[in-house]
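One structure below.
The values are calculated or read from the model by the stated rules, or taken from the named source; none is laboratory data. Source: prediction; values computed, not measured. Counting neighbours? That spans all protein chains shown, and the Cβs are built from the backbone with ideal geometry, glycine included. In case anyone asks, the SASA skips ligands and DNA or RNA and just uses the protein heavy atoms, side chains included. Shrake-Rupley method; radii C 1.70, N 1.55, O 1.52, S 1.80 Å.
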Amino acid sequence: MVCNDDAVSGVPAGLPVLLDVADRLVVVVGGGTVATRRARMFADAGAQVRIVAPELSLELLERAESTPALFDLRVRRYSPGDLDGAWLVVTATDDAGVNAEVATAAEARQCFCVRADVASAGSARIPAMHMSGELIISVNAGDDPRRAAELRNLIASALELGSLATRPIRAATTGSVALVGGGPGDPELITVRGRRLLFEADVVVTDRLAPRALLDALSPEVEIIDCGKSAHRHNLTQDEINSVIVQRALAGRRVVRLKGGDPFVFGRGGEEVAACVAAGVAVQVVPGITSATAAPAAAGIPVTHRGVAADFAVVSGHRDPGRAEAGWNWPELAVGPATLVLLMGLDTLDGIAEELIRHGRPAHTPAAAIHRATLPEQRVVRASLGELAAAVRRAGLAAPTVVVIGEVVALGDR
Ligand code: SAH
C-alpha cells in the first residue's frame with residue numbers, strides 16, 4: 001500500500017493522467033452515495049462496472065437494470081476474487097478495514113486503487129472534474145477535496161461565462177454547424193451549451209433578435225455575419241443564409257447560427273438543418289428559451305395556471321387574418337386553448353382580435369403586449385382583447401412584441 005508522505009518533502013503525491021476506461025473493468029466496492037457517484041461516472045465513460053456491496057442504492061439498481069451490459073452487481077460483502085480483471089478499483093465502503101483490505105489486494109495485483117475514505121492511503125485519486133466540449137478540467141488540492149471542487153467551480157463558471165477565452169486554436173478537422181437558440185434577448189438567457197459553442201465558433205451568423213450583447217465578447221478573429229433580419233428589411237434571404245452556413249462549414253469552420261428564442265419556433269431552423277443535411281454538413285440544434293413563454297413570464301404572466309388555464313397555443317400572426325388560405329382555424333383558436341400567444345402579430349392584431357371575438361372569445365378577455373421582453377427597453381401594454389390593438393398603437397409599440405390573450409393575463413396584474 002502506498003502511504004504517501006512525499007507531498008511534505010515537495011514531491012507531488014501523484015501525476016494527473018487521463019484513463020481511457022471504455023470497455024475496461026472498474027470495480028467499485030460499496031453501494032452508498034459515494035460509490036454510486038463513482039459508478040455513475042465510470043459507467044458514463046463507457047467502463048464495465050462491477051459493484052460489490054451487500055446493499056446497493058436505488059440508483060445503482062435502476063441503472064444496472066436499464067443497462068445490464070455495463071454492470072456486474074455482486075450483492076454481498078467484498079471477497080478477494082472480486083478484483084479479478086480490474087484495471088482500476090474504487091473502494092468506498094463505510095468500513096475502513098474493508099477499504100484497507102481492498103487497497104492492499106489491489107496493490108498486490110498492481111492495480112490502481114482509489115480510497116474514498118483516506119485519499120492519501122490509495123494509489124490513485126479522483127480529481128474534481130469539469131468537462132465542457134473537448135475540454136477536461138481536472139483539479140486536485142492535496143487532501144482538500146472541497147478546495148479542489150471550489151477551484152473547479154470557479155474555472156467552470158469562468159469558462160461558461162466566457163471570461164476564460166477558450167476558442168480552439170487548432171482548426172477543426174471538419175466543419176460543423178450549430179443552430180443555437182439564443183433566448184429572448186437577455187444575454188443571460190442563453191443555455192450553457194449555446195454559450196460555449198458560441199465562444200468556440202470560427203463563424204457566427206446572427207439574427208437581429210439574437211442576444212447581440214454576447215457578440216461583443218467574441219474574439220476579433222471570429223467572423224460575424226449579420227443577417228439583420230427584421231420584418232421589413234432582410235439583409236440576407238433565407239437561401240443566402242442556408243448557403244453561407246453550409247459554405248463556411250464545408251470550408252472547415254465551426255459555424256454557430258445564433259437565433260432569437262428557440263431555433264425551431266418560427267425560426268426557420270428546420271430549413272437550415274435540411275440545407276446542412278443535404279450538403280453532408282454535421283449539424284446540431286441547441287434549443288433556446290422561446291419568447292413565446294419568456295415574454296409573458298417577463299411580464300409576470302404564466303401561460304398556464306392551475307384552475308385558470310390548462311393549455312396554451314403559440315400562433316404566428318405573420319399571415320393575413322382575412323384569408324382562409326393562410327390556415328387560420330378561428331373556431332378552434334377562439335374557444336380552444338385557454339391562453340393564446342401571438343408572435344409577429346402586431347401588424348395583424350386588429351384583424352386577429354376581431355376574428356377571435358367573432359368566433360366566441362369574449363371581447364373583455366384580458367390581453368397584453370410585451371415589447372422587447374427581458375431587455376432593458378421592455379414595455380408592457382395591457383388591455384382587453386377588444387381594445388388591445390388600439391392601446392398598442394397609442395403606446396407606439398413595434399416589433400418585436402409578443403401578445404398574450406387569456407385569463408392568465410389578469411394574474412400578471414397581482
Ligand atoms: N424563434 C423565436 C421567434 C422568432 S419570430 C422565439 O422562439 O422566440 C419573431 C417574433 O418573436 C417577434 O415578432 C416577436 O413576436 C417575438 N419575439 C422574439 N423576441 C422577443 C422579445 N425579446 N420580446 C418580444 N417579442 C419577441
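Quick one: order MET344, MET129 from most to least accessible surface, probe 1.4 Å.
Working: MET344 95, MET129 55 Å².
Greatest to least solvent exposure: MET344, MET129.
Build a GNM of the chain with springs between Cα atoms under 10 Å apart, and of ARG372, ARG254, ARG38 the one that fluctuates most is ARG38.
Computed over the stretch 176-286, relative contact order equals 43 percent, with contacts defined as Cα pairs under 8 Å that lie 6+ residues apart.
Please report, to one decimal in angstroms, the Kirkwood hydrodynamic radius of the stretch 176-286 built from all distinct Cα-Cα pairs.
Computed over Cα pairs of the stretch 176-286, the Kirkwood hydrodynamic radius comes out at 13.5 Å.
Tell me the carbon and sulfur percent of the accessible area for the chain, rounded to whole percent, probe radius 1.4 Å. Kindly include the intermediate steps, with their values, before the conclusion.
Working: 11450 of 21030 Å².
Carbon and sulfur atoms account for 54 percent of the accessible area of the chain.
The loop-placed GluC sites (Glu not before Pro) in the stretch 354-409, going by DSSP, that have at most 10 neighbouring Cβ atoms within 10 Å of their Cβ come out as GLU377. Heavy-atom accessible area for PHE112, with the other protein chains in place and a 1.4 Å probe, reaches approximately 120 Å².
Measuring nothing but how far apart in sequence close Cα pairs (under 8 Å, 6+ apart) lie, relative to its length, the chain scores a relative contact order of 10 percent.
About the Cα centre of the stretch 176-286, what is the dipole size in debye to 20, counting +1 per Lys and Arg Cβ and -1 per Asp and Glu Cβ, all else neutral? Intermediate results must be reported in sequence, preceding the final value.
On the way: 13 positive and 14 negative charges, 22 e Å.
That gives the stretch 176-286 a dipole magnitude of about 100 debye.
Find the all-direction average of the projected area of the Cα convex hull for the stretch 25-126, expressing the result in square nanometres with one decimal place. Mind showing how you got there, number by number?
Working: hull surface 21.7 nm².
In nm², the orientation-averaged hull projection of the stretch 25-126 is 5.4.
Computed 3J(HN,Hα) for the stretch 118-123, one whole-Hz value per residue from the Karplus formula 6.51 cos²θ - 1.76 cosθ + 1.60 where θ = phi - 60°, is 10, 3, 5, 8, x, 9, glycine and proline marked x.
Shape annotation for the stretch 248-309: C-alpha extents along the principal axes are 53, 18, 14 Å, from largest to smallest.
Result for the chain in a Gaussian network model with C-alpha springs under 10 Å: among THR67, THR374, THR174, the largest mean-square fluctuation is at THR67.
Computed log10 I(q)/I(0) for the chain at 0.06, 0.11 Å⁻¹: -0.40, -0.93, from the Debye equation with unit scatterers placed on every C-alpha and solvent omitted. For the stretch 292-413, the Cα-based Rg and Dmax, in that order, read 13.0, 39 Å. Among beta bridges from DSSP that stay inside the chain, the antiparallel ones total about 35%.
Quick one: compute the contact order of the stretch 233-306, relative version, from alpha carbon pairs under 8 angstrom and 6+ residues apart, as a percent.
Numbers: 47 pairs, mean separation 20.5, N = 74.
Once normalised by length, the contact order is 28 percent.
Residues whose amide H lies under 5 Å from that of SER132, counting only those 5 or more places away or on a different chain, are ILE137; hydrogens are built 1.01 Å from N in the peptide plane. Amide H contacts under 5 Å for VAL286: LEU179, VAL180, GLY181, restricted to partners 5 or more places along the chain or on a different chain, H placed in the peptide plane at 1.01 Å from N. Computed from Cα atoms, the angle from the helix 33-44 axis to the main principal axis of the chain rounds to 70 degrees.
Among LEU209, LEU189, LEU18, the largest mean-square fluctuation in a Gaussian network model of the chain, built with springs joining Cα atoms closer than 10 Å, belongs to LEU18. The distance linking the stretch 69-91 with the stretch 262-280 is 47 Å (Cα centroid to Cα centroid, whole angstrom).
When DSSP beta bridges are restricted to pairs lying wholly in the stretch 176-286, around 10% turn out antiparallel. Centre-to-centre, using Cα atoms only, the stretch 191-223 and the stretch 291-360 are separated by 32 Å. Every helix of 4 or more DSSP H residues in the chain counts as -39500 (n - 2.57), and over all residues that averages to -8500 deg cm²/dmol at 222 nm. Amide H contacts of GLY252 (H built 1.01 Å from N, in plane; Pro and chain starts excluded): GLY175 sit under 5 Å, all sequence-distant by 5 or more or on other chains.
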